[in-house]
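The values are calculated or read from the model by the stated rules, or taken from the named source; none is laboratory data. No experiment lies behind these values; they were computed from the predicted model shown. Heads up, the Cβs are rebuilt from the backbone with ideal geometry, glycines too, and the neighbour counts pull from every protein chain shown.
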Number of protein chains: 2
Amino acid sequence: MIPLMIPNSKTVLPQIRLLRTRLPQVACLLLACMGLHGQEQDAEVIRKIYETSLSQGRSYEWLNHLSNQIGGRLSGSVQAQQAVEYTKKELEGLGLDRVWLQPVMVPKWVRGTAEFAYIESEPGNTNNVPVCALGGSVATPVGGIKAGVVEVQGIAELQELPREEVAGKIVFFNRPMEATLINTFEAYGGCVDQRHGGAAAAARLGAVGVIVRSMNLRLDDFPHTGSMSYGDLPASQHIPAAAISTNGAELLSTTLKLNPQIKFYFRQNCRQMADVLSYNVIGEIRGSENPEQIMVVGGHLDSWDLGDGSHDDGAGCVQSMEVLRLLKTTGYRPRRTLRVVLFMNEENGMRGGTKYAQEALTSGEEHVFALESDSGGFTPRGFSFDCTPEAFEKIMEWKPLFEPYLVHHFTRGGSGADIGPLKPQGLVLAGLRPDSQRYFDYHHAENDTFDAINRRELELGAATMASLVYLYDRYGLPDQPAREGGR
Amino acid sequence: MIPLMIPNSKTVLPQIRLLRTRLPQVACLLLACMGLHGQEQDAEVIRKIYETSLSQGRSYEWLNHLSNQIGGRLSGSVQAQQAVEYTKKELEGLGLDRVWLQPVMVPKWVRGTAEFAYIESEPGNTNNVPVCALGGSVATPVGGIKAGVVEVQGIAELQELPREEVAGKIVFFNRPMEATLINTFEAYGGCVDQRHGGAAAAARLGAVGVIVRSMNLRLDDFPHTGSMSYGDLPASQHIPAAAISTNGAELLSTTLKLNPQIKFYFRQNCRQMADVLSYNVIGEIRGSENPEQIMVVGGHLDSWDLGDGSHDDGAGCVQSMEVLRLLKTTGYRPRRTLRVVLFMNEENGMRGGTKYAQEALTSGEEHVFALESDSGGFTPRGFSFDCTPEAFEKIMEWKPLFEPYLVHHFTRGGSGADIGPLKPQGLVLAGLRPDSQRYFDYHHAENDTFDAINRRELELGAATMASLVYLYDRYGLPDQPAREGGR
């Protein structure tokens, strides 16, 4: 770029330029007096939300602490408990009406010492490859496992193999994420069954271990962990399962093509401990007009243990905290009760989300809206809504208010894992949808760290969430189906 | 994320799912026979373009070579010449109808040895701060310059100061980029005048040097270079100008507030050499029906010297090369002539763009469309078009074809610096608009390197450009104003 030819300066966002006149703190009040109504007033509130987030945001400092002072927050770990205490203290400092911890028992799985693996092309000729145990896996024997390898592209292909081809072998699931899908979450959905259910399927055919290609669209050296399950397989039949980096997977596959007789060795000493007490962290601003109607914003406070969980889901936690702070800072008092919930144990058990919804049901709380951020701290592109067509039609009326901020993509679809259990209440569920291109470069891997976060992208996400919460609070949504549970 | 709750899987992009049926290579022909017309056929061509780019793209490997094997490509440098030769060879390998070099004399400015600077709070008490010479600046005396500092927020504030407050001092321009603007290019446009014209304005008031806050929205330790000009100031009055990192600027400003008497020292030995011969690199596919009508896609091959110029503008070059390759690979033969132009010397002289337009005029070539990528290799968000309202109205009819790829933002405005000189031909000019949030983290600094590039984002940009070129080639645009130059 040369200095005097700014290609999209002054012209790209006329909406923003129109709105840039500075207004005093009492903007809402003044605007009302001046006769600004409807979308004009909404546009002004939203402008203040974005401006505040980008100029005085707190989310980035919070995430810096969570990521760099605490680190990975696997359920049941000391770090998870530190994160509970830290975020509770920070929420208390915001002057909310109430901050509390909701106890929940969570599984505790520990990785143990560093995993180790190699490909043995012939005795004495080995290549080390990066692996990590999948969350929930059993350990190998102390000396590790060495066996021949059967490569498959998925569970269906495995299940067509005769038992004698699989028994005593390590099954290598190598179906990659589909690069041509624009939405990388769709590509993830297309191969994560290998990670989740591959070990159980392989064990049923007598395999002794499972190696799964990392869910990563790049070729690199990071193994990506994630949860797996043995389903109803008896404990005596559980076999160890590990992820291998994408480069490692390519090497293994190529080596197998050259010589199907090669052996693979891996060693891990992870294990499942007894459940431990942990907490959802909750803070709320009580509604000024309809306090009985509860709106939730949240993310999950636990993470995997390899990185520091900055994108998954430290970002969603600090953005959710920031939603409440932004509304307070800009002087907007919600009519309905606004609650931030930092859910525990999304990654390997969903206990926090389940517990929150159960307690809401038990206590007869009425939840009307829930929004989760759990797709990374990247530039916000839109929302996905789990709601009725009528509600979505109303939501689409709000969409033009987001376009000055380049938030264009509103769809019907899923929302977030932690708020899913609230669905029987018949509320509107929503998920923030950031740009997804880089997400799986970091997801569940040791490079999901604070340096991969861009401050402005994180802040834009928080402002986008706060703006939707504001609009829901102000207008509500029609035709929500009758609640199945609750009062 | 837990594995079985994919929040936006399957639902976000129904358009894409509808289009995913695989079709043979002769798709266009077949589709025509089968009665697929208009937007349906266009959607299929565009789907193939994106799919090819994401699964078999070459842009990332090209950029890897440009960035990691060649490096920063300042005009007149050995690396710039290596880049000319490398890209020419790569274009020749694509089987285009013609590849050639267009000679152009370019300025040659050299940085010399590493710059050095410190804040001297009192004699013997110094803090080193990161600085770099601005492109085009003169050197300091061999022993450097040490002087008192006048901090201003811009040229206007400087010009209100009495000469005696400025004479003999170093002027420190410290107006930061405005964080609340969504489009970071607009924020850049709002303060780059300090860098470009600050030295001349300060020299006129007797200043001995200029230090400019880096054009960067982050606080970090990278000084960002960029071009500056002394305008019509006599050479004897030229004073040295350097950029200081944003952290350095904050430190300097704070120190000045504590004690306005502090001194600043800096040393640089850059200099302007005689112009040297360089080249625009050009390749073309001759149009099958209207070869006289020329469409250009391009970026600039030169870069600054601190990093390797991956985002600015290696990305734009390899994306432009990829446009031609994608159309060839997907079997689309343009009706009009499609030309890739890798312009030399955008950063400090614009000689390549100027020369290309002059030669087009001289030879009576008819340019009907030009598209530049020079805003970084990030996720494509849309285009900016410099065209008539009538042409823009037609372009907006194409916009739905881009929405499956989350390319939503079409505006009228600027295009690109290098293609700007073609404007008198009355053609449609366009600029790719990627996500701008991270761009100025890297722009003109030593961290503009290949590791800041995401492969998929780069490839999506190339596919987005190729799709627009395809649509222009197929449909043209109405009501382009009469050409001022040419035949």
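Are any residues in region A:197-210 out of contact with any Gly (no Cβ under 8 Å at 6 or more places or on another chain) and over 12 Å from A:Met228 (Cβ atoms), and if so, which ones?
Passing the criteria: A:Arg204, A:Leu205, A:Gly209.
Counting only residues that are among the charged types (D, E, K, R) and within 29 Å of B:Gly413 (Cα to Cα), how many does region B:168-185 have?
Residues that pass the stated criteria total 2.
So if I check each of A:Ala200, A:Ala235, which one is surrounded by fewer than 21 Cβ atoms within 10 Å (Cβ to Cβ), within 30 Å of A:Leu74 (Cα to Cα) and without any contact (Cβ under 8 Å) to a residue 24 or more places away in the chain?
From the options A:Ala200, A:Ala235, the qualifying one is A:Ala235.
What is the one condition in (1) part of a loop (DSSP other than H, G, I, E, B); (2) polar (S, T, N, Q); (3) within 30 Å of A:Thr254 (Cα to Cα) that A:Ser75 does not satisfy?
(3)
Find the helices (runs of 4 or more DSSP H) located wholly in region A:149-222 whose residues include 2 or more that are within 19 Å of the chain's Cα centre (by Cα), and list them.
Correct list: A:184-189, A:192-204.
Does B:Tyr439 fit the bill of being in the same structural domain as B:Arg73 (by TED's automatic domain parsing) and under 28 Å from A:Pro380 (Cα atoms)?
Yes; evaluated as a whole, the condition is true for this residue.
How many of the residues making up region A:358-389 are within 14 Å of chain B (Cβ to nearest Cβ) and part of a helix (DSSP H, G or I)? Talk me through it step by step, then tell me what you get.
Quick first cut of region A:358-389, residues within 14 Å of chain B (Cβ to nearest Cβ) only: A:370-387, A:389.
Those still in the list that are part of a helix (DSSP H, G or I) too: A:389.
Total satisfying the criteria: 1.
Quick check on region B:127-135. Is at least one of its residues surrounded by 21 or more Cβ atoms within 10 Å (Cβ to Cβ) and either part of a helix (DSSP H, G or I) or not assigned by TED's automatic domain parsing to the domain that holds B:Val210 (or both)?
Checking region B:127-135: not a single residue is surrounded by 21 or more Cβ atoms within 10 Å (Cβ to Cβ) and either part of a helix (DSSP H, G or I) or not assigned by TED's automatic domain parsing to the domain that holds B:Val210 (or both).
One residue is enough: does region B:426-436 have a residue meeting the conditions assigned to a helix (DSSP H, G or I), aliphatic (A, V, I, L, M), within 11 Å of chain A (Cβ to nearest Cβ) and within 23 Å of B:Val341 (Cα to Cα)?
Checking region B:426-436: not a single residue is assigned to a helix (DSSP H, G or I), aliphatic (A, V, I, L, M), within 11 Å of chain A (Cβ to nearest Cβ) and within 23 Å of B:Val341 (Cα to Cα).
Condition first: surrounded by fewer than 24 Cβ atoms within 10 Å (Cβ to Cβ), at negative phi and either among the β-branched types (Val, Ile, Thr) or touching a residue at least 60 places away in the same chain (Cβ under 8 Å) (or both). Now tell me which residues in region A:305-354 satisfy that.
A:Leu306, A:Leu324, A:Leu327, A:Lys328, A:Thr329, A:Thr330, A:Tyr332, A:Arg335, A:Arg351, A:Thr354
So, of the residues in region B:410-425 that are within 11 Å of another protein chain (Cβ to nearest Cβ) and in contact with a Phe, Trp or Tyr (Cβ under 8 Å, 6 or more places away or on another chain), which turns out to be surrounded by the fewest Cβ atoms within 10 Å (Cβ to Cβ)? Working first, answer last.
Kept after step one, since they are within 11 Å of another protein chain (Cβ to nearest Cβ), are these residues of region B:410-425: B:410-421.
After this cut, where a residue has to be in contact with a Phe, Trp or Tyr (Cβ under 8 Å, 6 or more places away or on another chain) as well, the list is B:410-413, B:415, B:418, B:421.
Working: B:Phe410: 19, B:Thr411: 18, B:Arg412: 16, B:Gly413: 21, B:Ser415: 26, B:Asp418: 32, B:Pro421: 20.
Ranking the candidates gives B:Arg412 first.
Quick one: how many residues across region B:136-174 are among the charged types (D, E, K, R), closer than 18 Å to B:Ala201 by Cα and surrounded by fewer than 18 Cβ atoms within 10 Å (Cβ to Cβ)?
5
What number of residues in region A:398-422 are over 29 Å from A:Thr354 (Cα atoms) and part of a loop (DSSP other than H, G, I, E, B)?
Total meeting the criteria: 3.
Suppose we keep only residues that are outside any strand (DSSP E or B) and within 15 Å of B:Val210 (Cα to Cα) within region B:234-245. Which one would you say is farthest from the chain's Cα centre (by Cα)?
Step by step, filter region B:234-245, then rank; the result is B:Gln237.
Give the residue, chosen from B:Ser253, B:Ser288, that is more than 21 Å from B:Thr464 (Cα to Cα), in a loop (DSSP other than H, G, I, E, B) and over 15 Å from the mean Cα position of the chain (by Cα). Lay out the reasoning, then the answer.
Details: B:Ser253 fails: in a loop (DSSP other than H, G, I, E, B).
Result: B:Ser288 is the single residue among B:Ser253, B:Ser288 that is more than 21 Å from B:Thr464 (Cα to Cα), in a loop (DSSP other than H, G, I, E, B) and over 15 Å from the mean Cα position of the chain (by Cα).
May I ask you to say which residue of B:Ser229, B:Ser253 is of a type outside the set (A, V, I, L, M, F, W, C) and within 13 Å of chain A (Cβ to nearest Cβ)?
Details: B:Ser253 fails: within 13 Å of chain A (Cβ to nearest Cβ).
Residue meeting the stated conditions: B:Ser229.
Can you pull out every residue in region A:76-95 that is acidic (Asp, Glu) and out of contact with any helix residue (DSSP H, G or I) (no Cβ under 8 Å at 6 or more places or on another chain)?
Result: A:Glu85, A:Glu92.
May I ask you to verify whether A:Ala466 is in contact (Cβ under 8 Å) with a residue 24 or more places away in the chain, buried (at least 24 other Cβ atoms within 10 Å of the Cβ) and not acidic (Asp, Glu)?
Against the criterion (in contact (Cβ under 8 Å) with a residue 24 or more places away in the chain, buried (at least 24 other Cβ atoms within 10 Å of the Cβ) and not acidic (Asp, Glu)), A:Ala466 qualifies.
Name every residue in region A:381-420 that is of a type in the set (Gly, Ala, Ser) and under 19 Å from the mean Cα position of the chain (by Cα), in order of residue number.
Within region A:381-420, A:Gly382, A:Ser384, A:Gly413, A:Gly414, A:Ser415, A:Gly416, A:Ala417, A:Gly420 qualify.
Assess whether B:Met396 counts as being more than 10 Å from every other protein chain (Cβ to nearest Cβ), of a type outside the set (Asp, Glu) and crowded, with 23+ Cβ neighbours inside 10 Å.
Taking the combined requirement at face value, the residue does not satisfy it.
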